[in-house]
Amino acid sequence: MSYKSIKTLTFLALLSTSLLQAQFEFGVKAGLNYDSLGDVDYTDLAATDLSADSKTGYHIGAYGKIDLLLFYLRPEIQFTKINSGFDNKSIGLSKIEAPILLGYKILGPLSVFAGPSFQYILNEDVEGTTLTDIEENFTVGLQIGTRISLGRLGLGIRYERGFTDNDVRILGLNGIDVDGRIDARPNQFILSASYELKARSGGGD
């Protein structure tokens, strides 16, 4: 048996042992999203003073978690409603999100994490404004944050920024024809709480 084969078998054995000793966990989560969409740009000079404002939204969903020594993998699925606005007009986006996060335990119950967030936009709504359909319903963003585990309860804060260029064209405002665009990429801070429903060792039943 070659030296390379021995190294490969040793690596697979160590990986299998780690998976057998891994802790599997799943639970529910919910929280608040403090979102600001990107720029609101107009070719109509009369409307150039409009800018996006931050408003509070929410999310609710579930998560799974696999502990591997100092690291963990945490896939999530959730419904998110984000709100923003401009010129006293509310902008709402509803979407399904699926973040896949890789975490590192830095000290006791404290950890940091980062990973992609895959999103499917269900609908958009702006009061008093005529819009075209959003360019891309499926988008990808990046989340990075920190969380603390207190028994079954977890508390976390994260920042999310959208990667996929995604605009909504503005065709009318308060019954007046205008030409503009809203950058619909998320740019938000997210506060969340989670509750563990069940945990099990990889070697258990």
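Each reported figure results from applying straightforward, stated rules to the coordinates on display, with no laboratory input. In this text the structure is predicted, and so the values were computed from the model without any measurement. Reconstructed Cβ throughout: ideal geometry from the backbone, glycine too, with neighbour counts over all protein chains shown.
Each of 198, 65 was scored by other Cβ atoms within 10 Å of its Cβ. Listed from fewest to most, they are 198, 65.
Lys and Arg at +1, Asp and Glu at -1: add these up for the other residues within a Cβ distance under 11 Å of residue 33 and post the number. Provide the component values of the computation, followed by the final result.
Numbers: positive: 55, 81, 95, 158; negative: 35, 97, 160.
With Lys, Arg at +1 and Asp, Glu at -1, the net is +1.
Which ordering of 58, 63, 104, 72 is given by a fewest-first count of other beta-carbon atoms within 10 Å? Fewest to most other Cβ atoms nearby, the residues stand as 104, 58, 72, 63.
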